[in-house]
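*Asks:* One structure, as structure tokens, below. Some questions next.
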Amino acid sequence: MFKRIRAIITKEFYHILRDPRSLAIVFAMPVMMVLIYGHALNMDITHIAIGVIDYDHSNESQAVIRNFSGSRYFDIVRFPRNRDDLEPLMRRGEIKAAIIIPDGFGDERETQPVSHIQVIVDGSDPTFGNATVNYVNALLNTYSLKNPIIAKLVPIDLSERFLYNPDLKGANFIIPGLVAVILMMVCALLTSITISREKETGTMAILLVSPVKPYEIVVGKVIPYVILSLLDAIFILVFAKLVFKIPIRGDLELLLGLSILYIYCALGIGLFISSMAPTQQIAMMAALIATILPSIILSGFLFPIFSMPAPIRALTAIVPAKYYMKIIRGILLKSSEFSTLKTEALFLVLLGTFFLLLAIARFRTRTHS
């Protein structure tokens, strides 16, 4: 008995060693995932893009600004003229927070028992908002302790204001992100098995020899899932509104239209995976690795993209959920308009079309082979 079992084990090892795909799954994929997600899963938020409004223009205010510019936690990218310029910059995502130094700050440092500074933060992500305020407080305390000009320690009173999510409710941030993850999961997984199922049942051969053209097969398979996914998105939003009371501040028609673009992109990826995978099991595994994990880790759903290393930030450019996260959170929480989101919409169209054309090309190749 043991000899027979040993013979089967030896035979199976030979099969595995001769199959590069199995070896890739065993060794290459874990290494790739550890490298990518090990760098992406970083709880230390750095390089926060901020704007600074200096109404004082004193030596003291300039010293505070230098303290922020020298920190790895903040990048000063804008110097707005007044408060009215802040919200458009935050809505477009150019800055995440703003430091406002009031007129008379330098005099307060010398004559008053306390001096004042205000920080305005994009509060749509509660964790990020609290972390930003803590970083600002820490830097201001460091500045006070290191200041050699003032003989006595004059504390700085930090006034906080959170935009878009003033109560810092976690559901207002998480639920819209979950919509993006769930839609990608439903669209990519369902479509990734549709063609593989046809292959396993043998009906794909009938389709390929029929008068139906490759693009007609693809379109015919996509449309039912577009309708199903759209209904799923509406159901999720209605459920979240009723149960979690998430705000809906923007244009729902715009959200619906851009959601269709996201669904189109997700279905394109699913069809491409389905056209490449020989079985439903492999298709589902490939869809899980290629869509769901990136949608959670590399989209800004849990971790801010700007804190990731440059190579990982570049990799996020091909993650559709990254663009839809900004779309749905922008419309629901910030009342963002299409002019603010047109870049994200364009990337969704390009990515969806690219993968859909690859799927059609794969069908055409099978038709002529």
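The values are calculated or read from the model by the stated rules, or taken from the named source; none is laboratory data. Just so it is clear, the model here is predicted, and its values are computed rather than measured. FYI the Cβ positions are ideal-geometry reconstructions off the backbone, even for glycines, and counts take in every protein chain you see.
*Asks:* Given the options ALA40, ALA49, name the one that is at pLDDT 85 or above, surrounded by 16 or more Cβ atoms within 10 Å (Cβ to Cβ) and of a type in the set (A, V, I, L, M).
*Replies:* Answer to the check: ALA49.
*Asks:* Right, something else. For a quick check of your reading of the model, give me the residue pairs whose first member lies in the stretch 178-203 and is assigned by TED's automatic domain parsing to the domain that holds LEU332 and in a helix (DSSP H, G or I), whose second is at pLDDT below 65 and surrounded by fewer than 24 Cβ atoms within 10 Å (Cβ to Cβ), with beta-carbon atoms closer than 8 Å and at least 6 apart or on different chains.
*Replies:* Qualifying pairs under 8 Å: ILE195/MET204; GLU198/MET204; GLU198/LEU207.
*Asks:* GLU87 - would you say it is over 23 Å from ARG72 (Cβ atoms), outside the structural domain of PRO304 (by TED's automatic domain parsing), at pLDDT below 80 and of a type outside the set (Val, Ile, Thr)? Break it down into steps so the answer makes sense when it comes.
*Replies:* On the way: over 23 Å from ARG72 (Cβ atoms): yes; outside the structural domain of PRO304 (by TED's automatic domain parsing): yes; at pLDDT below 80: no; of a type outside the set (Val, Ile, Thr): yes.
So GLU87 fails the test.
*Asks:* Consider ILE156 carefully, then state whether it is surrounded by fewer than 16 Cβ atoms within 10 Å (Cβ to Cβ) and either of a type in the set (Lys, Arg) or modelled with pLDDT under 85 (or both).
*Replies:* Here the answer is no, as ILE156 does not meet what is asked.
*Asks:* May I ask you to list the residues in the stretch 102-133 that are part of a helix (DSSP H, G or I) and not charged (D, E, K, R)?
*Replies:* PHE105, GLY106, THR111, PRO126, THR127, PHE128, GLY129, ASN130, ALA131, THR132, VAL133
*Asks:* Any idea which residue in the stretch 318-352 is farthest from LEU255 (Cα to Cα), counting only those that are without any contact (Cβ under 8 Å) to a residue 24 or more places away in the chain and of a type in the set (A, V, I, L, M, F, W, C)?
*Replies:* The residue in question is LEU350.
*Asks:* What pairs come out if I take residues in the stretch 102-114 that are on the phi > 0 side of the Ramachandran plot and pair them with residues that are surrounded by 12 or more Cβ atoms within 10 Å (Cβ to Cβ) whose C-beta lies under 7 Å away, six or more apart or interchain?
*Replies:* GLY104/ASP56
*Asks:* Next question. Looking at THR340, THR291, THR353, which one is assigned to a helix (DSSP H, G or I), under 16 Å from the mean Cα position of the chain (by Cα) and either polar (S, T, N, Q) or within 30 Å of THR132 (Cα to Cα) (or both)?
*Replies:* Within the list THR340, THR291, THR353, the selection yields THR291.
*Asks:* Do you know which of the residues in the stretch 230-261 that are β-branched (Val, Ile, Thr) and within 20 Å of GLY170 (Cα to Cα) is surrounded by the most Cβ atoms within 10 Å (Cβ to Cβ)?
*Replies:* My answer is ILE246.
*Asks:* With the checklist (1) over 22 Å from the mean Cα position of the chain (by Cα); (2) not in a loop (DSSP other than H, G, I, E, B) in hand, flag the one item PRO278 doesn't pass.
*Replies:* PRO278 satisfies every listed condition except (2).
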